[in-house]
Amino acid sequence: MRTVSQIQHPLMRITITSWNDKYQLRFELDRYEQVFKVDQEGISIPELEELAQCMADSVLHGFVAMRAGYLKHSNN
């Protein structure tokens, strides 16, 4: 797996990696992670970077839901 691009965001770490003819669009925040796999055929790196920026708000909301679910079912 190799890192292709890192996208700036004030809260999350957003990384595009390449592995096994797929791009992995990885969003990380604290101890949570969301990964989207995209076939390399038919999409360029700039298009994928733009997609990541468009997805950032909804992914952030997903992290909030993930955290709420974790806290609901854990002792922390």
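Nothing in this text is a laboratory measurement; each read-out follows from the coordinates by a stated rule. Quantities reported herein were computed from a predicted structural model and do not represent experimental measurements. Positions of Cβ are generated from backbone atoms using ideal geometry, with glycine treated the same way; all protein chains shown enter the neighbour counts.
The table below gives the values:
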{"quantity": "Every pair of residues 6+ apart whose Cβ atoms lie under 9 Å, when the first sits in the stretch 23-36 and is over 20 Å from residue 70 (Cβ atoms) while the second is in a strand (DSSP E or B) and polar (S, T, N, Q)", "calculated": "23/17; 24/15; 24/17; 24/18; 25/15; 25/17; 25/34; 36/24"}
{"quantity": "Counted residues, the stretch 43-63 - those being part of a helix (DSSP H, G or I) and more than 14 Å from the chain's Cα centre (by Cα)", "calculated": "3"}
{"quantity": "Matching residues in the stretch 21-42 - criterion: being part of a strand (DSSP E or B) and among the charged types (D, E, K, R)", "calculated": "22, 26, 28, 33, 37, 39"}
{"quantity": "Whichever residue in the stretch 65-76 is exposed (fewer than 12 other Cβ atoms within 10 Å of the Cβ) and among the aliphatic types (A, V, I, L, M) and, among such residues, is farthest from the chain's Cα centre (by Cα)", "calculated": "71"}
